[in-house]
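Below: one structure, written as structure tokens.
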Amino acid sequence: MISVFNHLSTRILRAALAICFAFFLVLFQFTSQVNAAKTFMTGDFAKDTISVSSTLKETMTLPKEDTGLSEAEKEAVFLISDYISRYRNRSQVNTSNTFTTMQTALNALSGHYKTFANRPVPENLKERLNKELSKAEKLAVRDN
């Protein structure tokens with residue numbers, strides 16, 4: 001009789017634990033917060049292009065000794081990704097000279113920051129990027 005009672009209580013305990021575990025798994029999914037990624041883009045292509053361009057020009061001019069440079073570089077890479085992901089799939093924008101010029105500059109700068117995180121932007125790359133970013137700003141103002 002004790003053996004039957006022991007076997008029955010073990011089965012009930014296992015079933016209760018399985019139910020509690022399943023209940024926990026179902027409810028746990030609804031307790032975590034979902035945070036949308038923050039974006040700096042306004043949706044106005046010309047304003048965003050000018051804003052991103054000026055921010056990146058400022059980031060490139062920061063001296064290497066600046067303690068906030070690595071943080072500024074991380075923010076620049078985030079800003080680049082945000083800009084590209086916002087406008088890459090918009091057919092009215094992604095075929096424009098403004099976007100292609102901007103994309104070329106952004107890819108070069110992002111590539112440098114990701115590949116050579118410990119090194120400052122070389123002068124020849126900095127000059128090229130400043131020209132391309134300035135050209136993109138002018139094209140954005142003209143197209144707007």
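The values are calculated or read from the model by the stated rules, or taken from the named source; none is laboratory data. Since the structure is predicted, the reported quantities are computational estimates derived from the model, not experimental observations. Because the Cβ atoms are built from the backbone with ideal geometry, glycine has one as well, and the counts that use them run over all protein chains shown.
Table for the structure above
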| read-out | value |
| --- | --- |
| Output for segment 110-127, where each listed residue is in contact (Cβ under 8 Å) with a residue 12 or more places away in the chain, surrounded by fewer than 15 Cβ atoms within 10 Å (Cβ to Cβ) and part of a helix (DSSP H, G or I) | 114 |
| Helices (runs of 4 or more DSSP H) lying entirely in segment 44-101 (those with 3 or more residues that are assigned by TED's automatic domain parsing to the domain that holds residue 135, within 16 Å of residue 133 (Cα to Cα) and modelled with pLDDT under 95) | 45-61, 69-87 |
| Condition met for residue 39 (at pLDDT below 80, surrounded by 10 or more Cβ atoms within 10 Å (Cβ to Cβ) and not in a helix (DSSP H, G or I)) | yes |
| Any hit, segment 86-109, residues being among the small types (Gly, Ala, Ser), within 21 Å of the chain's Cα centre (by Cα) and buried (at least 18 other Cβ atoms within 10 Å of the Cβ) | yes |
